[in-house]
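What follows is a set of notes on a single structure, which appears directly below.
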Amino acid sequence: MSDGITFKVMGDFGPFSRMGKSIGYQITVGNSSYLIDCGSPLFQQIGGEGLKKIKGLILTHCHDDHKRWFTDLALFNRYTDDINKRIFFITSEDVNDEIVRASSPSLDRSLSPDSKRVIDIAYEDYVTHKVIGPRAKYRIVSVDEGEGKTGLYIKDRQGRTVGPDRAKIIISPKSRRARMLFKDPDYGEWVEPDTFYPFSSLAFYERDKNVYRDEGEGFTIEAIKEHAWHGIPVVGIKMRYGADTLVFSSDTIHDVHLWKELSTVKHSQKRNMSQEDFESASVIYGDINDYIERVWSEERYRQALHAFDDAVVIHDVCTEPTAVHTAYRLLQTTSLRKDRAILTHSPDRITSEWALCDRDKRFKIKGKKFFEIVGDQLYPMNADVYYKEDGKYLVGYRNQEGRYTVYEKDGLLSLAHGSGQPLGRPLFNVDVYEDISGKYFPALEKNNAMYRERKDGEVELVEFTDQGSRGRIIENHRDRLKHKESV
């Protein structure tokens, strides 16, 4: 019987948070530990000695709040005397390509050991890349054509050029990025294959899913992308250990109604050329969206609906609707289940009926359930409401006589004390507790008091007066509340 998957939240705030500590998690099964994303300050949180024990880094995508410390980690591994090894880097083929481009200015040159020359250093000298997820059958490659000229071509895995009747290169006038336009053999429509197909599609991907297996502990790490909708290349991470399954969905807008539209609506091309010229063109300068006829396949839509069926999911959330994240008010349009989801990447202030991540929290996945680890005990996340603001994490349990009220307005929740101005439609009253290292203590209503955790693990209530301060040990209420059924 497995002891479950443990994950520690190193950072769960977005890139614009005043709290800092962007996205990062440490995953442990038995004696094996991996990092998922590295946007949080690794060296401050884990330290050099701790980083030496990490077996690998898994990256979901290349936004800085998820990969900010990648080059520092690469340099640390290479130049620290008692390490001098490459990062074992686990990610998809596309995400690896992006990190190569993003990290080159920091990694591709240095001084020689005697400091007398500027030398070139290969990416592979820093990184051992383990591909997860299938490889694409077709790629855009740069070919040396001699006399200092290069050309872009679409090649298959055997190095054969793919003709314009099957695939074309579209170069954006805004970003100068080359993207592939591909004619789907079943629909007979032009699509962008990276977004149109799930990893299971044999029209564009090879059969081998390249699932990574940790030989020491026997768990697997798999890339999934059918649900991921974020703009840049991004993958979710699925970990399996016996009956335990954990998914990091990564940044995505999760909306089944939107997904349905992406897969069913056919668009007319907006070509500024004749049909004959379009069919013969291998490279086109323009907006690829003028040529895409369908955004998602039906296969991708169906798989996205069931991507999380057998798993506990760590899923990003925002309060206001954005183009690239799931808004709290739209959680009902997702395929997520509240009893199997923990929300992350939250703004500085949020009130939620779904469990929230917070930095330094540790969770255990056992089967399709999750628990918070506090000391050597496992606690259910059974509060009726969770609240974060100014670095504090609070929980509320329903009580008709509770001094705090949960309000709803336009699909968003808020938590308020007393009989002040209503913040929307009142839902229910709660008793509120402040979370200190996973222990629950009555929320403070005075400005002249604070909780302080002692080295022995006890928590004191410290009160400040004109005569000085005094502290007294306060009872942890979580043991009393762990059996309380959430309404």
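The values are calculated or read from the model by the stated rules, or taken from the named source; none is laboratory data. The shown structure was predicted, so the numbers you read here are calculated from the model rather than taken from an experiment. Glycine gets a Cβ as well: all are built from the backbone with ideal geometry, and neighbour counts include every protein chain shown.
Numbers for the structure displayed
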{"read-out": "Any hit, the stretch 353-374, residues being modelled with pLDDT of 95 or more, assigned to a strand (DSSP E or B) and small (G, A, S)", "value": "yes"}
{"read-out": "Cross-chain or 6+ apart pairs with Cβ under 9 Å, the stretch 277-300 first and under 11 Å from V265 (Cα atoms) and touching a residue at least 60 places away in the same chain (Cβ under 8 Å), then exposed (fewer than 15 other Cβ atoms within 10 Å of the Cβ) and aliphatic (A, V, I, L, M)", "value": "R294/V265; V295/V265"}
{"read-out": "The stretch 76-89: number of residues that are without any contact (Cβ under 8 Å) to a residue 40 or more places away in the chain and either farther than 18 Å from K130 by Cα or not in a loop (DSSP other than H, G, I, E, B) (or both)", "value": "7"}
{"read-out": "Residues of the stretch 271-306 that turn out to be in a loop (DSSP other than H, G, I, E, B), of a type in the set (G, A, S) and either within 18 Å of A228 (Cβ to Cβ) or out of contact with any strand residue (DSSP E or B) (no Cβ under 7 Å at 6 or more places or on another chain) (or both), as a count", "value": "2"}
{"read-out": "Some residue of the stretch 418-441 being of a type in the set (S, T, Y) and at positive phi", "value": "yes"}
{"read-out": "Strands (runs of 3 or more DSSP E) enclosed by the stretch 114-159 - at least 2 residues per element that are modelled with pLDDT of 95 or more and farther than 30 Å from F76 by Cα", "value": "138-146, 149-156"}
{"read-out": "Test for T245: is it surrounded by fewer than 21 Cβ atoms within 10 Å (Cβ to Cβ), in contact (Cβ under 8 Å) with a residue 40 or more places away in the chain and either touching a Leu at 6+ places or on another chain (Cβ under 7 Å) or not in a loop (DSSP other than H, G, I, E, B) (or both)", "value": "no"}
{"read-out": "Single unsatisfied condition, R403 versus (1) touching a Gly at 6+ places or on another chain (Cβ under 8 Å); (2) modelled with pLDDT of 95 or more", "value": "(2)"}
{"read-out": "Criterion: at pLDDT 95 or above, in contact with a helix residue (DSSP H, G or I) (Cβ under 9 Å, 6 or more places away or on another chain) and more than 22 Å from E217 (Cα to Cα) - qualifying residue of T91, T80, T71", "value": "T71"}
{"read-out": "Given (1) in a loop (DSSP other than H, G, I, E, B); (2) in contact with a Ser or Thr (Cβ under 6 Å, 6 or more places away or on another chain), number of the condition S268 does not satisfy", "value": "(2)"}
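Yes/no per residue for (1) buried (at least 17 other Cβ atoms within 10 Å of the Cβ); (2) in contact (Cβ under 8 Å) with a residue 40 or more places away in the chain; (3) in contact with a helix residue (DSSP H, G or I) (Cβ under 9 Å, 6 or more places away or on another chain):
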{"residue": "D410", "(1), (2), (3)": "no, yes, yes"}
{"residue": "Y440", "(1), (2), (3)": "yes, yes, yes"}
{"residue": "L444", "(1), (2), (3)": "no, no, no"}
{"residue": "V459", "(1), (2), (3)": "yes, no, no"}
{"residue": "F464", "(1), (2), (3)": "no, no, no"}
{"residue": "E475", "(1), (2), (3)": "no, no, no"}
